[in-house]
Amino acid sequence: MNDILQQSARDPFWFRDCFLMRMPIGRRASNLRELLQILREVSEDVLYYHIFQSRLALTDPEIEYPNDFALWAANALQDTKLAEKLSSFDPFEYGNMTDVREAVLEILEEYLWDLPYVPWARPGFELYLCQAQTAVIQSPTPAYTLAEFCQGLQRAGLDSIYYHFFEAPWRLGVSKVDDFSFWIEYNFDLPKLVKDIRQIDVYFYSLPELRATLLAMLNEHMGVYCERTE
Amino acid sequence: MNGLNDYIPIVGQDVIDQLHRLAARLTKRRFVHINSTRTGGGVAEILSRAVPLLNQLGLETNWEVIIGDPEFFEITKAMHNGLQGDRVRFTPRMMEHYREINRENAKRFTWEADFVLVHDPQPAALIEDLRDRAAKWVWRCHIDASRPQRHVWKFLRDYVTRYDASVFSMSSFAQNLPHPQYLIHPSIDPLSDKNRDLTPTEVQAVLDRLGIRRDRPLILQVSRFDSFKDPMGVIQAFKMVRRHTPCQLLLVGGEATDDPEGPEIFARVKEAAADDPDITILLLPPDSHYEVNALQRAADVIVQKSVREGFGLTVTEAMWKGKPVIGGAVGGIVLQVRDYHTGFLVHSPEGCAFRIRYLLHRPEIARRMGKLAKEFVRRHFLITRHIRDYLTLMLFIDNPGSRFIEL
């Protein structure tokens, strides 16, 4: 096992920090019909923010609903049925944000269609829509070996975990593939580890949970090198 | 003064390393903050901490303060209240005096900078005379300007539109403006007197000094005595709880000098508490940070039953002490108190009473919520995140129009 820990990769892994600045777009939804209308009109960046990026900006301490729309349905509209529907849709199953938007609109339209009333947010719980700008900074030292990779992972910030898990499928153009398993697959003969990482249900984990899960997985495969000390 | 490394045990080495990596992209840039006071108020408090930290990170950061006569500050107070939605008198003569004081300050300033961050309305008009002194100007609005009085906003907007960007504390405060608007939440400093760790002995000493006994559960609200913080609603809730559970209520704060209803509210609170041995009112001087810290740590349940709120930093402070907060479902409280996770959001004195009883009877759940609350603040509302936002903001101001930049 030590051999593979020290084996040099063909290409090194560069951890990247990911910094978001949220930008309110000046529109708010007080009820479900308004949300539907707004989501038809705004840019895909707005959907991308509320489905993926918001977990980096401001996440609940315990992930119950995996995107802002489901969370809003549960907390603001107090409509658990809708929250369940919005939570169960998996944005990673779609190839682009146009299709993701269509999927969200379909859920909302279908739900409203059968409803004899329009669900309203309780006062103070209106949804203010945002988008975000992203800056990505490459870490100063690359990881050539799995040992270095583990050390880098222990030092990586939560935004780095977000970037390599949540942004990767869109960047790589492959559904449910993250940067970590992609690099390991390309450079090392560790199919079980690659498979295990890809089976992590990332959408339902908080970022600290994701980091801990990944470290535990590496630890299991490679021993003591991947223990994080908080 | 605390250095960046003093924050490592609190936020982790990774967070501080990131600040250094971000700052490395901005090294030697000149950064100027301008506000209207060096002491007192949340803006001065955060700047007094943030400016030295930004300098430690290698940005040449200066903090400038505008000078004005009492009339100027009366005018800017009216502007402040008008932006918050109060009906205020704002005459052409007041506008002219506001411009005049800004012009005088502009003549006095000698700085040149890459970025200027102008805080709140008081110095906003400086851009008229000093536009060429800095490459980029950003207006930082700390006020809840979600429903401003039209005539005040119309006047201020003329200046704000000349800026390269503006920054608001909450999405709901954003305005219709022709430049990029960003969101930066306020923060607290975990090493300040108001928030640093205290030993049980230190906490007890403050309680002894203030005559607070811990013989029954302590419910606390820290806030000014004004109508928006609803102290009468808190008393009402407390009396409902006490019918079932022995406990005491502590209302801590200062008098509201700028709320016309303040004195009347305070008189009613005093009257309601006068013959009640279980209610204590403490009027503390504005700099009693250490005492407030100790009281928050001593409390069993902390309440912030506001009916209107900007961000609500008292909630952040309470959560940082590992306390579950019962808050009114308004403004930034909704953002911080995640219902059933870090506390409870309530809409009435009855709801407040119900949740106080719930937490008093379930100390284990209260502890768990408090723990989550502290972690939530650690990640999102500490000064290190604020510094990170400032640095990231400058990166984007430097690269206008880019949705994504790789450095």
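The values are calculated or read from the model by the stated rules, or taken from the named source; none is laboratory data. Model, not experiment: these values are computed from the prediction. As a convention, Cβ positions derive from the backbone with ideal geometry for all residues, glycine included, and neighbour counts pool all protein chains shown.
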Quick check: is even one residue across the stretch B:35-44 under 21 Å from the mean Cα position of the chain (by Cα), outside any helix (DSSP H, G or I) and without any contact (Cβ under 8 Å) to a residue 24 or more places away in the chain? yes
Name every residue in the stretch A:55-89 that is within 11 Å of another protein chain (Cβ to nearest Cβ) and of a type in the set (S, T, N, Q), in order of residue number. A:59, A:75, A:78
If we keep just the residues of the stretch B:323-349 that are within 11 Å of another protein chain (Cβ to nearest Cβ) and in contact with a Phe, Trp or Tyr (Cβ under 6 Å, 6 or more places away or on another chain), which is nearest to residue B:367 (Cα to Cα)? B:342
Answer with yes or no whether residue B:183 is more than 14 Å from chain A (Cβ to nearest Cβ) and aliphatic (A, V, I, L, M). no
Does residue B:117 meet the test of being crowded, with 18+ Cβ neighbours inside 10 Å, farther than 21 Å from residue B:164 by Cα and modelled with pLDDT of 95 or more? no
Given the conditions (1) at pLDDT below 95; (2) closer than 26 Å to residue B:394 by Cα; (3) touching a Leu at 6+ places or on another chain (Cβ under 9 Å), and given that residue B:83 satisfies all but one, which numbered condition is not satisfied? (2)
Could you check the stretch A:116-135 and list, in sequence order, the residues that are more than 30 Å from residue A:180 (Cα to Cα) and either at the interface with another protein chain (Cβ under 8 Å from one of its Cβ atoms) or not in a loop (DSSP other than H, G, I, E, B) (or both)? A:120, A:122, A:123, A:124, A:125, A:126, A:127, A:128, A:129
Contacts under 9 angstrom Cβ, first residue in the stretch B:150-176 being modelled with pLDDT under 95 and surrounded by 17 or more Cβ atoms within 10 Å (Cβ to Cβ), partner in a loop (DSSP other than H, G, I, E, B) and charged (D, E, K, R), 6 or more apart: B:169/B:144; B:170/B:144; B:172/A:126; B:172/B:144; B:173/B:144
The stretch A:188-214 - residue that is in a loop (DSSP other than H, G, I, E, B) and out of contact with any helix residue (DSSP H, G or I) (no Cβ under 7 Å at 6 or more places or on another chain) and, of those, nearest to residue A:90 (Cα to Cα): A:201
Within the stretch B:78-98, residues exposed (fewer than 14 other Cβ atoms within 10 Å of the Cβ) and either among the aromatic types (Phe, Trp, Tyr) or in a helix (DSSP H, G or I) (or both) come out as B:92, B:93, B:96
For the stretch A:169-187, which positions are under 14 Å from the mean Cα position of the chain (by Cα), surrounded by fewer than 19 Cβ atoms within 10 Å (Cβ to Cβ) and not in a loop (DSSP other than H, G, I, E, B)? A:170, A:171
Evaluate the stretch A:13-21: report whether one residue or more is of a type in the set (A, V, I, L, M) and either modelled with pLDDT under 95 or under 23 Å from the mean Cα position of the chain (by Cα) (or both). yes
Tell me, which residue of the stretch A:55-72 that is modelled with pLDDT of 90 or more and in a helix (DSSP H, G or I) is farthest from residue A:204 (Cα to Cα)? A:72
Does any residue of the stretch A:148-167 turn out to be on the phi < 0 side of the Ramachandran plot, more than 14 Å from chain B (Cβ to nearest Cβ) and assigned to a loop (DSSP other than H, G, I, E, B)? no
Out of B:91, B:76, sole residue that is among the hydroxyl-bearing types (Ser, Thr, Tyr) and over 20 Å from the mean Cα position of the chain (by Cα): B:91
Within the stretch A:155-178, is there a residue that is in contact with a helix residue (DSSP H, G or I) (Cβ under 7 Å, 6 or more places away or on another chain) and among the polar types (S, T, N, Q)? yes
Exactly one of A:86, A:112, A:82 is aliphatic (A, V, I, L, M), surrounded by 22 or more Cβ atoms within 10 Å (Cβ to Cβ) and either touching a residue at least 24 places away in the same chain (Cβ under 8 Å) or in a loop (DSSP other than H, G, I, E, B) (or both), and that one is A:82
In the stretch A:91-143, which residues are in contact with a Lys or Arg (Cβ under 7 Å, 6 or more places away or on another chain) and on the phi > 0 side of the Ramachandran plot? none
Residue match in the stretch B:384-403 (condition: in contact with a Pro (Cβ under 6 Å, 6 or more places away or on another chain), at the interface with chain A (Cβ under 7 Å from one of its Cβ atoms) and modelled with pLDDT under 95): no
Yes or no: residue A:138 polar (S, T, N, Q), crowded, with 21+ Cβ neighbours inside 10 Å, within 11 Å of another protein chain (Cβ to nearest Cβ) and under 20 Å from the mean Cα position of the chain (by Cα)? no
Quick one: in the stretch B:11-28, of everything that is buried (at least 17 other Cβ atoms within 10 Å of the Cβ) and touching a residue at least 40 places away in the same chain (Cβ under 8 Å), which residue is nearest to residue B:377 (Cα to Cα)? B:11
Can you name every residue in the stretch A:19-34 that is touching a helix residue (DSSP H, G or I) at 6+ places or on another chain (Cβ under 7 Å), more than 10 Å from chain B (Cβ to nearest Cβ) and crowded, with 17+ Cβ neighbours inside 10 Å? A:29, A:32
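Residue by residue, here is whether (1) touching a Pro at 6+ places or on another chain (Cβ under 7 Å); (2) surrounded by 23 or more Cβ atoms within 10 Å (Cβ to Cβ); (3) at pLDDT 95 or above holds:
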residue: B:308; (1), (2), (3): no, no, no
residue: B:318; (1), (2), (3): no, yes, yes
residue: B:331; (1), (2), (3): no, yes, no
residue: B:335; (1), (2), (3): no, no, no
residue: B:342; (1), (2), (3): yes, yes, no
When you scan the stretch B:178-291 for strands (runs of 3 or more DSSP E) that lie fully inside it, which ones turn up with 3 or more residues that are under 23 Å from residue B:361 (Cβ atoms) and modelled with pLDDT of 95 or more? B:218-222, B:248-253
Kindly evaluate residue A:39 against the criterion of being surrounded by fewer than 21 Cβ atoms within 10 Å (Cβ to Cβ), assigned to a helix (DSSP H, G or I) and aliphatic (A, V, I, L, M). yes
Of all residues in the stretch A:62-72, how many are touching a residue at least 24 places away in the same chain (Cβ under 8 Å) and surrounded by 19 or more Cβ atoms within 10 Å (Cβ to Cβ)? 5
